[in-house]
Amino acid sequence: MTRGEPGADLLFQAEIREVVRTAYRDIPAGAGPVLAERLYRREVVGTLPSAAVTWALGVGDPVAAADLAPGEVVLDLGCGGGIDTVLAARAVSGEGRVIALDLLPEMCERTRAATEAAGLAARCEVEVGEMEDLPLPDQSVDVVISNGVLNLSPRKSRALAEVARVLRPGGRLCVADLVVETDLPPEVLGSPAAWAGCIAGAVSERVLRRKLARAGLVDIDVAGHRGFSLDEVGLYPLFTPEVMELLRQLLPREVQQQVALSVIARCRRPEGADDTPLAAPSVAISGATPLAAIAPDAVEAPGVTVRHLKGVEDAQLKVLDVETGGSTPHHIHAHAHEGVVISGRGRLRLEGGDQLIGPGDAFSIAPREPHAIASAADEPLRFVCMDCLFD
Ligand SMILES: C[S@@+](CC[C@H](N)C(=O)[O-])C[C@H]1O[C@@H](n2cnc3c(N)ncnc32)[C@H](O)[C@@H]1O
């Protein structure tokens, strides 16, 4: 147990970002022509600069689904080696522009080289930046595309709010990404390679749709579902032979046939002023509504009240009140679980014994670790829990 400090990163966001940064910085090449020919039409692959093909690391072909028109301004989020940047730059011809953005300067360099090799550098700007904090003005882009990138964000809602902010009214988002519908084993969810390989950070289609809607995007269409087997996962250099072996041991055979689904999600920012999407800084978090005004959700434990806080989608924030002398039942969560005590005292009951908890204490529970939280005999307990990054 650790003392909660203001600003403590209870969702391991910095850690996840470091895993992603290191993984992509260290790979010697992308997944190459074998993957590219699965994702893109073969005749198109033949026309691309070979380095862009070598560095292909996406999960679909967002440009083919984006209906790009000459003159449009496109943002390629997480451009990697630049394969989609080149395709988009061709499609917007004339006055059109592509802004290619990536977390890693090394990737930006590759995209720059690819656009030069394709003779399209004059139409492309390549920038180092993070999708959660886009270095672009409001309403400056017609279309945002991205390929295998959103899944890598520990702050997907924030990234989508940024997308909504930079899109002009009526502007479109077209993203190829993975969705995962099965409960993956905790060892897989906790594996750096699985995070960097888009699997551990993937949400279900339902959650993806909800996140898009909460960012204020409309006309959401999720299509092009295509199963990704474990063998296809092995095409990506992020998955070393050791990690692949581990996945083979851990994943049930039926899950190995389809670890994830790649999808193309399309939506747009509405035109009207009334339905302007929420920009990230204006997302209402607790405090806008007094806690007492938030209706509690039904729970079976007597004396335990759970209120879901809206607005901080990634964190799945809940406030739990346990009345004096009460307890939650023993329970488990599929994913890592974090809590911070706001007021009162009590006990965190784990199989290895009880831990005393009081105001400001932060605690974390491992995936599938049975636990209960009890208040003291003479004081009610209130704590916030963050049900990890997943739904
Ligand atoms: C799976 S690769 C996909 C690359 C490229 N879109 C493609 O289709 O080949 C993910 C890319 O996203 C970048 N990335 C990861 N997290 C990011 C973030 N928070 N902001 C911007 N780029 C990010 C990585 O550096 C990497 O180049």
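Here the extension length gained between Q257 and S93 equals 55.0 nm, from 0.36 nm per residue of separation less the Cα-Cα distance. Comparing Cα centroids, segment 254-273 and segment 97-160 end up 19 angstrom apart. Near V126, the amide H atoms lying under 5 Å from its own belong to A100; only residues 5 or more places off or on other chains count, and H is placed 1.01 Å from N.
Placing +1 on the Cβ of every Lys and Arg and -1 on the Cβ of every Asp and Glu, with nothing else charged, gives segment 291-386 a dipole about its Cα centre of roughly 80 debye. For L309, the residues whose modelled amide H falls within less than 5 Å of its own, excluding neighbours fewer than 5 places apart on the same chain, are L317, K318, V319.
Quote the FRET efficiency, to the nearest 0.05, computed for S229 versus K318 with a Förster distance R0 of 41 Å and r equal to the Cβ-Cβ distance. The pair S229/K318 has a calculated efficiency of 0.70.
Counting only alpha carbon atoms, the long axis of helix 83-92 and the longest principal axis of the chain meet at about 60°. For the chain, the dipole from Cβ point charges (+1 on Lys and Arg, -1 on Asp and Glu) about the Cα centre works out to 400 debye, to the nearest 20.
What fraction of the DSSP beta bridges in the chain is antiparallel, stated in percent and rounded to the nearest 5?
70 percent
Tell me, which longest segment in the chain has none of the GluC sites (Glu not before Pro) that fall in DSSP loops with at most 11 further Cβ atoms within 10 Å? The segment 96-299 is the longest one with no such site.
I want the local charge near A89. Using Cβ-Cβ distances under 13 Å, sum +1 for each Lys or Arg and -1 for each Asp or Glu among the other residues.
Result for the local shell: -2.
Just add up the charged neighbours of D133: K/R +1, D/E -1, any other residue whose Cβ is under 13 Å from the Cβ of D133. Neighbour charge sum, excluding D133 itself: 0. Across segment 7-281, the volume of the C-alpha convex hull divided among the residues equals 120 Å³ per residue.
Extension gain for the segment E125 to E187, taken as residue separation times 0.36 nm less the Cα-Cα distance, is 18.4 nm to one decimal.
Just so you know, all these numbers are worked out from the coordinates, no wet-lab data involved. Note that the structure is a prediction, hence the values are computed from the model and not measured. Neighbour counts run over all protein chains shown; Cβ positions are idealised from the backbone, glycine included.
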